[in-house]
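The values are calculated or read from the model by the stated rules, or taken from the named source; none is laboratory data. Model, not experiment: these values are computed from the prediction. Counting neighbours? That spans all protein chains shown, and the Cβs are built from the backbone with ideal geometry, glycine included.
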Amino acid sequence: MGETLLVTANIGVSPWFVLHQGLSFESGYTIGITTFIVSVIVLLFWFPLKQKPGIGTIFNAIIIAVMIDICLKYIPTPDDFIVKILLAFFAVLLVGIGSGFSLIANLGPGPRDGLMTGIQRKTNLPIALVRAFLEITVVSIGWYLGGTVGIGTLLFAFGVGPAVALGLYLVNKMFS
C-alpha cells in the first residue's frame, strides 16, 4: 500500500519503482505486472549468489505486484501539492511499518533485499555501497525509460531507513 500511495502522490517514486514504472510505460503492462516480472528476474540472480528464498520471498513478489494494481484503481492522485507531499510521507511510513512486520516474521527477504545481501556476501563490499549501487542503477535505468523521479524519490531514499527502524520498534513493542 505504501508504494501505491507513493505512485499516487505523483511526485516521484521509490528507486525500484522508478524502474517498474519506466518498464510499465515502455511495455504497456501495468506497474504491478512489471513489478512481478522484475521480482522474478531478480530471483534468477539469486542462484549464482546461492541465496535461498523463503515463503516470505514469494509472498513479497506476489502481494506487492497484485496490491499495487488493485489499489491504483481506487486511489486518485491529489491535486494539491501539500497533499501530495503528505501522501508521500505517509507512504514512506507505511513501507517502513510493513518492512518491520516482514523482517520480524523472518520468512525470507524480499527479492531485492536478497539480491543486495547476496551480492554483499559474495563481494565482501560494505552493504551501504552495494545498496547504493543497486538503487542508483535501477533509478537510472527507470528514469531513462520514463519513470518518475522527484521529491517522492528523495523522501523515500532518505526516509525509508528511519521508517523501517520505527516499524521494527513498533512491531517489537506490539509482540514482545
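One table, with the values for the structure above:
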quantity: Contacts under 8 angstrom Cβ, first residue in region 135-149 being assigned to a helix (DSSP H, G or I), partner surrounded by fewer than 18 Cβ atoms within 10 Å (Cβ to Cβ), 6 or more apart; calculated: Glu135/Ala157
quantity: In region 26-37, the residues that are in a helix (DSSP H, G or I), touching a residue at least 24 places away in the same chain (Cβ under 8 Å) and buried (at least 16 other Cβ atoms within 10 Å of the Cβ); calculated: Ile31, Gly32, Ile33, Thr35, Phe36
quantity: Subset of region 55-80 [crowded, with 17+ Cβ neighbours inside 10 Å and hydroxyl-bearing (Ser, Thr, Tyr)]; calculated: Thr57
quantity: Conditions (1) in contact (Cβ under 8 Å) with a residue 24 or more places away in the chain; (2) in a helix (DSSP H, G or I); (3) over 17 Å from Val38 (Cα atoms): number failed by Leu107; calculated: (2)
quantity: Checklist (1) modelled with pLDDT under 95; (2) assigned to a helix (DSSP H, G or I) applied to Leu125, failing item; calculated: (2)
